[in-house]
Amino acid sequence: MNAVIECIEEEYAPFFAWRRRRRDGWKWLWFHLRGPALPGPFGFLLTLAGVWRFARPPRRVCDIPKEEYFQCTIVTTCGSLGSYGMGGPGFFGLQCRKKRKTFWIIFTLRGAEGWLTLDARLIASSLSAAEKKAYAKQGNISMETVHGGTVESVDYLPSSIQIKIKKEDAMHVLELRRDGKTVPPWRGSGDKKKFRDTELLEDALVVSRRANLWTEG
């Protein structure tokens, strides 16, 4: 099973924006029975009213200028992003704001919270009661710890991605490792959470304006 889940982001916009949208990589979608948030299955009514649905692959963080996210403030976090219509893959995102612009930095992994550590500790909301006991020595931490902090850097290392977040006088490190050594294995199978040799860490971290991400299942 691949670690990184492919997805597209979708947005509604007035039909007359299609030229600018096309330059930015968006494609017009004519009709779908699903849709980002509201109006869901009634989206075709918006199409008839001149409000179209556009889609594109979300941009990787490594492909955008650092100035777009450097020193942005983390407003909140969410571990239930993404959808395939009947459920969701559990992407994890940091909602950020910079100069009145709001956007999301998102890990596109299934149950992404369970792949991450913050300051070398596990994310509390990703753990079952049994896992909290089993990994008591490593400890766990709430993601609320970094709410209100600022993103200082996103560092791509050979074996991990590290997002450094400064809050007050403390520097926190949110880390995704490709070998899964620091996080619990998959429940049930007991298999280690790890990337395939052919997968890139860079593909696992994307940016999206509204976090309306859709997968194939």
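The values are calculated or read from the model by the stated rules, or taken from the named source; none is laboratory data. Since this is a predicted model, take the numbers as computed values, not measurements. When we count neighbours, we look across all protein chains shown, and the Cβ atoms used for this are built from the backbone with ideal geometry, even at glycine.
Here are the numbers for the structure shown:
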| quantity | calculated |
| --- | --- |
| Whichever residue in the range 114-133 is out of contact with any Asp or Glu (no Cβ under 7 Å at 6 or more places or on another chain) and buried (at least 20 other Cβ atoms within 10 Å of the Cβ) and, among such residues, is nearest to LEU174 (Cα to Cα) | LEU118 |
| Top-ranked residue of the range 142-172 - restricted to ones that are without any contact (Cβ under 8 Å) to a residue 60 or more places away in the chain and closer than 20 Å to CYS78 by Cβ, ranked as nearest to the chain's Cα centre (by Cα) | ILE161 |
| Residue in the range 190-202 that is in a strand (DSSP E or B) and under 22 Å from GLN95 (Cβ atoms) present | no |
| Any chance SER142 is touching a helix residue (DSSP H, G or I) at 6+ places or on another chain (Cβ under 7 Å) and surrounded by fewer than 16 Cβ atoms within 10 Å (Cβ to Cβ) | yes |
| Residues satisfying the stated conditions in the range 103-126, i.e. in contact with a strand residue (DSSP E or B) (Cβ under 7 Å, 6 or more places away or on another chain) and among the charged types (D, E, K, R) | GLU113, ASP119, ARG121 |
| The range 27-52, residues that are farther than 14 Å from LEU213 by Cβ and either at pLDDT 75 or above or touching a Gly at 6+ places or on another chain (Cβ under 6 Å) (or both) | LYS27, TRP28, GLY43 |
| Count - residues of the range 160-203 that are of a type in the set (A, V, I, L, M), closer than 29 Å to LYS133 by Cα and out of contact with any helix residue (DSSP H, G or I) (no Cβ under 8 Å at 6 or more places or on another chain) | 4 |
| Whichever residue in the range 159-210 is surrounded by fewer than 20 Cβ atoms within 10 Å (Cβ to Cβ) and small (Gly, Ala, Ser) and, among such residues, is modelled with the lowest pLDDT | GLY188 |
| Odd one out for ASP155, checked against (1) part of a helix (DSSP H, G or I); (2) over 27 Å from GLU131 (Cβ atoms) | (1) |
| Residue in the range 79-91 that is under 24 Å from LEU127 (Cβ atoms), aliphatic (A, V, I, L, M) and modelled with pLDDT of 95 or more present | yes |
| Pairs, first under 17 Å from THR145 (Cβ atoms) in the range 105-117, second among the polar types (S, T, N, Q), C-beta under 8 Å, six or more apart | GLU113/SER125; GLU113/SER126; LEU116/SER126; THR117/THR182 |
| Selection from the range 115-139 of residues that are within 20 Å of PHE91 (Cβ to Cβ) and outside any helix (DSSP H, G or I) | LEU116, THR117, LEU118, LEU122, ILE123, LEU127, SER128 |
